[in-house]
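First up is the structure itself, then whatever we jot down about it.
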Amino acid sequence: MGQRIDVNHLNIYYGDFLAVEDVNINIEANKVTAFIGPSGCGKSTVLRTLDRMHEIIPGAHCKGEVLLEGKNLYDKDVDPVAVRRDVGMVFQRPNPFPTMSIRENVLAGVKLNNRKISKSDADDLVEWALRGANLWNEVKDRLDNPGIGLSGGQQQRLCIARAVAVHPQVLLMDEPCSALDPISTLAVEDLINELKNDYTIVIVTHNMQQAARIADYTAFFNLKAVGQPGHLEYFTDTTTMFNNPQNEEAERYVSGRFG
Ligand SMILES: Nc1ncnc2c1ncn2[C@@H]1O[C@H](COP(=O)(O)OP(=O)(O)OP(=O)(O)O)[C@@H](O)[C@H]1O
Ligand SMILES: [Mg+2]
């Protein structure tokens, strides 16, 4: 089952620069929540605070709370490595490990977590993750071939398989389809739609049609002016966001009359 995320009064910094201001959002379990908004408004930054990846950048930090099923990820007793295991991340460009086979790529996260598993358990896990990522039938006869030998869309599904192989509760995706052709994009969207049965999903997208197709809820982030911090302007169910938004800026943005 997925877990819910509650963000309270989150301020996110790069050094002294306040990049995103006072975010409050409740992300429901087993739903797809889309983050949309103009470039630089902080979508990726907010996403990376949800699995403590933000603080990897020197000087980057945040204030406020991110509760995963009620537990603050930023409490002193929380191990960020464990957080990144519970909350998986899929990036914009598919990034399979170049020296690894398809099979090794799927198992990479599990090995990083130092989990010892038998050959037959590993086989089962590889099949389960690749089936979950809708890729099994396309690769089952060439699991020992290099992961980078796959098409872009297949590589992205391989990265999703690698992310789900560690059994995360939450899957964060930062523009996962932006490097993909339309057919691969639809394959990944179908997959996201299935994955929400098991995971809570947050996806950043610049594609309004995509948000309308796959998201249950949509968060519109905005920027008052360049150099100003981004903020969460409007958050609602996706139908309202695209058909009847009760926010002028959001209305202009989703109808393409922004800027
Ligand atoms: N590594 C960094 N160091 C310093 N500032 C950064 C860094 N990454 C992002 N920022 C700043 O934080 C703000 C938010 O950036 P972010 O990348 O989160 O925006 P975004 O909404 O994801 O944009 P895009 O749609 O272009 O991906 C911007 O002002 C950006 O310049
Ligand atoms: Mg971004």
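The values are calculated or read from the model by the stated rules, or taken from the named source; none is laboratory data. Every value quoted in this text rests on a predicted model; they were computed, and no experiment measured them. A quick note on method: Cβ atoms are made from the backbone with ideal geometry, for glycine too, and the neighbour counts reach across all protein chains shown.
Only one entry of L223, L195, L232 meets the criterion of being more than 21 Å from D6 (Cα to Cα), surrounded by 14 or more Cβ atoms within 10 Å (Cβ to Cβ), aliphatic (A, V, I, L, M) and in contact (Cβ under 8 Å) with a residue 40 or more places away in the chain, and that entry is L223. For region 179-206, a tally of residues being in a loop (DSSP other than H, G, I, E, B) and among the β-branched types (V, I, T) returns 1. Among residues belonging to region 1-44 that are surrounded by fewer than 22 Cβ atoms within 10 Å (Cβ to Cβ) and either within 13 Å of ligand 2 (Cβ to nearest atom) or basic (K, R) (or both), point out the one that is nearest to I201 (Cα to Cα). Result: K31. When region 51-69 is limited to residues that are more than 14 Å from V23 (Cα to Cα) and away from ligand 2 (no atom under 16 Å from the Cβ), the one that is nearest to the chain's Cα centre (by Cα) turns out to be R52.
Table: residues versus (1) at pLDDT below 90; (2) more than 15 Å from the chain's Cα centre (by Cα); (3) closer than 26 Å to S39 by Cβ; (4) of a type in the set (K, R).
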site	(1), (2), (3), (4)
R162	no, no, no, yes
S178	yes, no, yes, no
P182	yes, yes, yes, no
V188	yes, no, yes, no
I192	no, no, yes, no
L195	no, no, no, no
I203	no, no, yes, no
Q209	no, yes, yes, no
A215	no, no, yes, no
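Any residue at all in region 178-191 that's within 16 Å of ligand 1 (Cβ to nearest atom), within 23 Å of L107 (Cα to Cα) and either surrounded by 22 or more Cβ atoms within 10 Å (Cβ to Cβ) or among the basic types (K, R) (or both)?
No, the conditions are met nowhere in region 178-191.
Counting the residues of region 174-203 that are within 16 Å of ligand 2 (Cβ to nearest atom) and touching a Gly at 6+ places or on another chain (Cβ under 9 Å) gives 2. Being surrounded by 19 or more Cβ atoms within 10 Å (Cβ to Cβ) and touching a Gly at 6+ places or on another chain (Cβ under 7 Å) is the filter; apply it to region 66-100 and report the residue that is farthest from K196 (Cα to Cα). Per the criteria, the residue is P96. Based on this model, can you work out whether I102 counts as modelled with pLDDT under 95 and more than 30 Å from E249 (Cβ to Cβ)? No. Among the residues of region 161-184, which ones are within 12 Å of R93 (Cα to Cα) and aliphatic (A, V, I, L, M)? Across region 161-184, the qualifying residues are M173, A179, L180. For region 207-219, the count of residues that are out of contact with any strand residue (DSSP E or B) (no Cβ under 6 Å at 6 or more places or on another chain), outside any helix (DSSP H, G or I) and within 16 Å of ligand 1 (Cβ to nearest atom) is at least one.
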